[in-house]
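So the structure is just underneath, and the comments pick up after that.
The values are calculated or read from the model by the stated rules, or taken from the named source; none is laboratory data. Please read all numbers here as calculations on a predicted model, not as lab measurements. Note that each Cβ is placed from the backbone with ideal geometry, even for glycine, and that neighbours are counted across all protein chains shown.
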Amino acid sequence: MSAIDVCAAVVPGVAVTGAWLSAALDGQAGHLMQVTDEVGRRLAELQLTFGEGPLLDASVTGGPVLASDLADAESASRWPAFAPAASAAGAAAVFAFPLVIGAIRAGVLGLYRTRPGPLSDFQLGDALVFADTATMLLLDAQDGATGAAARGAGPGGQPAGLAARRAEVDQATGMLTEQLGVSITDAFVRLRAYAYVNDIQLADVARDIVARRLRLFPDPDLPLGDRT
């Protein structure tokens, strides 16, 4: 059994619609390992694009974040960009569980439902067990990353397609540090800002930058970027 198997098993086990697993990246859950459906993938990307959402909060705080109704006032206040976008993507509730052992934060397990409503006590307990299992398996997979790479998978057994998406985002961010003369953090902020303002998926923006179809401007007084 692997961490990505847990991602699939948690859906019927906790009675949710879908799930995704993100590995830790610079203290945030940004390295998408596995998704069970397109909505889950979109939810993970929205949080990365907006820089807000239950998974990022869970990664920072080290505790579960349970948003049982994305349409309520609390969610709208807490995540003003993510909550309405997630609702539009098809999610009504999102539950995030950090993958933590002591000071080690391995990532976050995200769950969503198409209908609002909290997890029952039993479902919450089961979700925590799944998260603990995923933590151990993910850390084991990271230790065996060399073997996974030999089988054609990405880091820690990440599916090759998701690994390619992440590689493009990383490559685009690196290119922007040179083009804009900024730090990696600021370059990623600019990348997210362009995706957000233009309502384009982050991976698509990264792909255009890598292919040199899109160039962002260093001057904040100019438009964000220009397509060729």
Are any residues in segment 120-135 surrounded by fewer than 18 Cβ atoms within 10 Å (Cβ to Cβ) and of a type outside the set (A, V, I, L, M, F, W, C), and if so, which ones?
Ser120, Asp121, Gln123, Gly125, Asp126, Asp132
Hey, among the residues in segment 36-73 that are under 10 Å from the mean Cα position of the chain (by Cα) and of a type in the set (A, V, I, L, M), which one's nearest to Ser120 (Cα to Cα)?
Leu55
With (1) of a type in the set (Ser, Thr, Tyr); (2) farther than 17 Å from Trp20 by Cβ; (3) touching a strand residue (DSSP E or B) at 6+ places or on another chain (Cβ under 7 Å) as the list, and Ser120 as the residue in question, which single condition is left unmet?
(3)
Selection from segment 157-198 of residues charged (D, E, K, R), at pLDDT 75 or above and surrounded by fewer than 18 Cβ atoms within 10 Å (Cβ to Cβ) yields Glu178, Asp186
